[in-house]
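Before any comments, here is the structure.
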Amino acid sequence: MDDKPWSGFRSWLYSLVFRTPKSNRLIVDLAELSAPDRALDVGCGPGAAVRLAGEITAEAVGVDRAQPMVDIARKRSGQHQNVRFEVGSAESLPFSDGAFTVAWTAHSYHHWEDPVAGFTEIHRVLAAGGRFLILEQDGKKHGLTDSQSQQVVTQLEELGFRDVGITKVDKQILISGASS
Ligand SMILES: C[S@@+](CC[C@H](N)C(=O)[O-])C[C@H]1O[C@@H](n2cnc3c(N)ncnc32)[C@H](O)[C@@H]1O
């Protein structure tokens, strides 16, 4: 877990190495987006998945607690009319109740300081029936083990998410559910 937001240098380095990683395309495909969706990427980093989502949905929003990441995401998204980025943490999202129909977090969850607070916030900003997806590496390092994934499922169910399930996709763990 990180105890502080990513620095400018680390954000810049990450954005160079992971310009459009395969997993950004994967999460957008797995989210099964359609035009009416209002999509939120929590821990969006340089914003590649948000830009991909914006090609499909009316609105795609990225939030990240690191200002340097948000600065990079905004700089790279100048041409995209329907995407925007905000600084904010998963644990205290700067959005109104029910603002989104789908939310995901990709390779960010394992950094969160308070996952239950993050899930509570995501449940709050999702409209009823909104989908939520977590994509992480399969394994202990920078990802989720099987037992950690089970714990996440339990937490999501206790918070009122339904149809929560775990799948392994492309050597990654996908946990998905829907808000009630
Ligand atoms: C490994 S990067 C992944 C970025 C992007 N999702 C991707 O897959 O390319 C992790 C990101 O999560 C962000 N992050 C970590 N903890 C966070 C939190 N509690 N709330 C919001 N963003 C967070 C970091 O600032 C960083 O940009």
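What to note about this one:
- Given (1) on the phi > 0 side of the Ramachandran plot; (2) modelled with pLDDT under 95, number of the condition Gln79 does not satisfy: (1)
- Of all residues in segment 130-180, those satisfying the criterion of being farther than 15 Å from His110 by Cα and assigned to a loop (DSSP other than H, G, I, E, B) are Leu159, Gly160, Phe161, Asp170, Lys171, Ser179, Ser180.
- Unmet criterion (only one of (1) closer than 17 Å to Tyr109 by Cα; (2) away from the ligand (no atom under 13 Å from the Cβ)) for Leu26: (2)
- Within segment 30-47, at least one residue is acidic (Asp, Glu) and away from the ligand (no atom under 12 Å from the Cβ).
- Enumeration of residues in segment 131-151 that are surrounded by 15 or more Cβ atoms within 10 Å (Cβ to Cβ) and touching a helix residue (DSSP H, G or I) at 6+ places or on another chain (Cβ under 9 Å): Phe132, Leu133, Ile134, Leu135, Glu136, Gln137, Asp138, Gly143, Leu144, Gln148
- If the condition is being within 12 Å of the ligand (Cβ to nearest atom) and either hydrophobic (A, V, I, L, M, F, W, C) or within 16 Å of Val125 (Cα to Cα) (or both), then segment 60-88 contributes Gly62, Val63, Asp64, Ala66, Met69, Val70, Ile72, Ala73, Phe85, Glu86, Val87, Gly88.
- Within segment 43-61, if we keep just the residues that are β-branched (Val, Ile, Thr) and not in a helix (DSSP H, G or I), the residue that is surrounded by the most Cβ atoms within 10 Å (Cβ to Cβ) turns out to be Val61.
- Any chance Phe119 is surrounded by 14 or more Cβ atoms within 10 Å (Cβ to Cβ), hydrophobic (A, V, I, L, M, F, W, C), assigned to a helix (DSSP H, G or I) and touching a helix residue (DSSP H, G or I) at 6+ places or on another chain (Cβ under 9 Å): yes
- Index of the failed condition, Thr101 passing every other in (1) without any contact (Cβ under 8 Å) to a residue 60 or more places away in the chain; (2) touching an Asp or Glu at 6+ places or on another chain (Cβ under 6 Å): (1)
- Odd one out for Ser92 among (1) modelled with pLDDT of 95 or more; (2) touching a strand residue (DSSP E or B) at 6+ places or on another chain (Cβ under 9 Å): (2)
- Of all residues making up segment 73-97, the number that are within 17 Å of the chain's Cα centre (by Cα) and either assigned to a helix (DSSP H, G or I) or of a type in the set (Lys, Arg) (or both): 3
- Boolean, Glu91 is more than 9 Å from the ligand (Cβ to nearest atom) and of a type in the set (Asp, Glu): no
- If you go through segment 128-150 and keep only what is out of contact with any strand residue (DSSP E or B) (no Cβ under 6 Å at 6 or more places or on another chain) and closer than 18 Å to Ala90 by Cα, you end up with just His142.
The values are calculated or read from the model by the stated rules, or taken from the named source; none is laboratory data. All figures in this text were calculated on a predicted structure; none of them were measured in a lab. Because the Cβ atoms are built from the backbone with ideal geometry, glycine has one as well, and the counts that use them run over all protein chains shown.
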